[in-house]
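What follows is a single structure, written as structure tokens, with notes after it.
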Amino acid sequence: WPLLGESLEYFTKIRQGVPYQFVKDRMNKYSSKVFRTSLIGQPMVMLCSAEGNKFLFSNERKLVQVWWPSTMDKIFPKSDHRPSSEHSNRLRKLLPFILKTDVLREYVGIMDAVMKKHLQTEWNCEEVNVGEKAKKYLLTLACNIFLGLDDPEKIDELAKGTEDVGTGIHSMPFNLPGTALNRAIKASKLMRKEVEALIRQRRSDVSEYGPSSAKDFVSHMVLARDDNGQLLSDGDIASHLVGLVQAGYTTIHSTITIIMKYLSELPDIYTSVLKGMFKN
């Protein structure tokens, strides 16, 4: 369809819980390795084989480059109005800070503490909605790691908009009242407002105690500079951080939920996993 492309069928399959069927049908009809389509108002190519994955991952910034839907630029706006794909490259230069061995070692303790507290407060009941509980745990963890935030009330405030933002990212690029994108833009704006208050506090701390006081990711973002050597604005930092928090929990949520589902359906495997945990 003009503009809509095959978006309606694609999202229908997602709601039915069979997104792979959209790809499988076209692999059978057109090609088992590659086919063209149009989703959320953008022309796209689907690579369906191991060779396709290898091509993408081995040719980044050579034959292919990172691309994000135009909805990303509307939900996470930047002051220079450059595409999100360009900003993602800048952000990657900062991410090694949280991937250092000594920093990762500290995160193991944080993850363990957050998980134990989460199990005690959220799972101590007869019936557990794993999907919802996993979202809460991962969002708490993402806020803790990316924002240095462990206040339950503030995390709950940020959580209110995550669903709308997640839906809006993969929606048609129509910013009209009542649309998914419009709700996502409003939710993101409220989330960024909360994060900007945290950024101002970090900026004040770094100004008072010096760069050596930068112990978390927010502080390193405050000290980061753009391609022109200028410090990033609070608004741009907030956009980056809210995007990281969003990505930090949405990408893992489904995996954890599905694993728990299979463990509940396969008691033998669950027992083996439990024994392995106690052995370790």
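Please give the charge dipole size of segment 191-280, origin at the Cα centre, charges +1 on K and R Cβ atoms and -1 on D and E Cβ atoms. Round to the nearest 20 debye. Intermediate values should be presented prior to the final figure.
On the way: 10 positive and 11 negative charges, 61 e Å.
Here the size comes out at about 300 debye.
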Count the net charge of all other residues whose Cβ sits under 15 Å from the Cβ of Lys136, scoring Lys and Arg as +1 and Asp and Glu as -1. -2
Under 14 Å from a point 7 Å along the Cα-to-Cβ line of Lys154: which residues of segment 183-204 have their amide N that close? 191-204
Highest mean first, how do 242-250, 258-266 rank when packing is the count of other Cβ atoms within 10 Å averaged over residues? 242-250, 258-266
Using alpha-carbon pairs under 8 Å, 6+ residues apart, how would you state the relative contact order of the chain in percent? 18 percent
Given [x] 63, 54, 41; [y] 53, 44, 35; [z] 55, 46, 24, which label gives Cα extents along the principal axes in Å as computed from the coordinates? [x]
Pick from Gly235, Gly210, Gly161: which is most flexible by mean-square fluctuation in a GNM of the chain where alpha carbon atoms under 10 Å apart are linked? Gly210
What does the net charge come to around Leu190 if you take all other residues with beta carbon closer than 10 Å to its beta carbon, with K and R at +1 and D and E at -1? +2
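First measure r as the distance between the Cβ atoms of Leu8 and Ser207, then evaluate 1/(1 + (r/R0)^6) with R0 = 45 Å and state the FRET efficiency to the nearest 0.05. Walk me through the intermediate numbers first.
Working: r = 52 Å, r/R0 = 1.15.
Taking R0 as 45 Å, the efficiency between Leu8 and Ser207 is 0.30.
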Cα centroid of segment 43-72 to Cα centroid of segment 201-268, whole Å: 24 Å
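Charges only on Cβ, +1 for Lys and Arg, -1 for Asp and Glu: so what's the dipole of segment 173-213 about the Cα centre, in debye to the nearest 20? Walk me through the numbers before you get to the answer.
Values: 8 positive and 4 negative charges, 49 e Å.
For this selection, approximately 240 debye.
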Dipole of the chain, Cα-centred, from +1 at each Lys and Arg C-beta and -1 at each Asp and Glu C-beta, to the nearest 20 debye? 800 debye
Answer with one residue from Ser58, Cys143, Val128: the one whose Cα lies farthest towards the positive end of the charge dipole of segment 1-153, charges on Cβ with Lys, Arg +1 and Asp, Glu -1. Ser58
Measuring from label point to label point, each 7 Å out along Cα→Cβ, what is the Leu104 to Tyr20 span in nm? 2.9 nm
Using a cut-off of 18 Å between alpha-carbon atoms, which lysines can reach Lys33, once sequence neighbours fewer than 8 places away in the same chain are excluded? Lys24, Lys54
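Read the figures in this text as sums done on the coordinates, not as results from a lab. Model, not experiment: these values are computed from the prediction. Virtual Cβ from ideal backbone geometry, glycine too; neighbours counted across all protein chains shown.
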